[in-house]
Amino acid sequence: MPAYLNSQFTLRRPIEYNNVMKKYLIFFGIVAAAAILMFLPYALRQSNAPSSPASSSDAEIKEPAAVQPAAVKADISGFKFAPAKITVKKGTTVEWTNQDSAAHTITADIAGTGPDSELFGKNETYRYTFNDIGVFNYHCKPHPSMKGTVEVTE
Ligand SMILES: [Cu+2]
């Protein structure tokens, strides 16, 4: 008699079959639960689809901020600050370029409260970052009639 037909095997077979079925049911149960858990966030995201244009417009709002110039540019031309009055947000750097042959300075009217450059000549620049809120009046040391203002807002 072949071994696979012995009575022990045929008796045991249904029990083993049940065990195998139980293992399969548990396995598929876990797979199904995992599949549901994996698809749940996706399904929730899909249901939020109408609000996704809002998130893309958030990105559009962020983009100009990232592209924001490193410095606000101003000129010194014809013995004048141009523009003479600049309004910037706190933390903004202002960069002045001297277009005149004469050397000029950017000097805070109240020493120690704002820009204080050396003399700088034609096509040279001076940068100052305004980290405090307020109105900063400045002038040119050799030409006190040259006056400018930077207003720094929140
Ligand atoms: Cu000057």
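Computed from the coordinates by the stated procedures, all read-outs in this text should not be read as laboratory data. Only a predicted model underlies this, so the values are computations on that prediction, with no experimental measurement involved. Note: ideal-geometry Cβ built from the backbone for every residue, glycine included; neighbour counts use all protein chains shown.
Structure notes:
- Number of Lys pairs (Cα under 19 Å; 8 or more positions apart or on different chains) in region 69-153: 12
- Dipole check for region 69-153: with +1 at the C-beta of Lys and Arg, -1 at the C-beta of Asp and Glu, and the Cα centre as origin, the magnitude is about 180 Debye.
- Relative contact order of region 69-153, pairs being alpha-carbon contacts under 8 Å that are 6 or more residues apart, as %: 33 percent
- Rounded D (µm²/s) - region 72-154, Kirkwood Rh over Cα pairs, Stokes-Einstein at 4 °C, 1.567 mPa s: 105 µm²/s
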